[in-house]
Amino acid sequence: MRLISGIGLMLVLAGKGFAATPQEETDVKFAFYSSAWGANTNDGLRLVAQNQTDSPLRLNAITFLDAVDGEAQARIPLALEVPAGGYADIDLDYINLITGDECVDRTLKENWRLVEISNYTLNPSVRNLIIEDTDSFRIYQCIKTVFTEWTDLSTNEPHQYEEWVLYHFETKRNF
């Protein structure tokens, strides 16, 4: 985790009662999806979130940081309520989360297709894929730092995590 990057955002959020804590495992898992990534359209984003706590929560925002200078690149306000131990999803207007990152740009030029952006590692079995020929299928990932803000609705306690999201790409190659 990067502790130095995003200092400006951490100071702003600390002034609002938040304290950034780098996390390996978080209480809120989420993934962004968009059909626009495969079709170069402006179809919007879908966010699916999983609450791994015993209390209901509100996912307030996810802020993507620029890979070079650590400044906020895109802040996505959400106000998504997720039941204890449950899931929720929301459809959003399209927000460009794929430009301005060297790894993402390079990967897209190499004929990979972005499948999802999530704060967990993608396993092919998660996508109901049975891979019989590993020479013809690849999963590739790029990493970006985000701040995830949420509130425990039973105590009204705010939480913020600095964590990584993974850009998951896949392709089938003809050999």
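The values are calculated or read from the model by the stated rules, or taken from the named source; none is laboratory data. Just so you know, these numbers come straight off a predicted model, no measurement behind them. Each accessible area value is taken on the protein alone, full model and side chains, heavy atoms only, with ligands, DNA and RNA left out. Shrake-Rupley method; radii C 1.70, N 1.55, O 1.52, S 1.80 Å.
Note on Arg46: accessible area is roughly 90 Å² with a 1.4 Å probe, heavy atoms of protein only. A 1.4 Å probe over all protein chains sorts Cys142, Cys103 by accessible area into Cys103, Cys142, starting with the largest.
Heavy-atom accessible surface of Tyr140, to the nearest 10 Å², is about 80 Å², with a 1.4 Å probe and all protein chains retained. For Glu25, the accessible surface of its heavy atoms amounts to roughly 130 Å² (probe 1.4 Å, protein chains only, rounded to the nearest 10).
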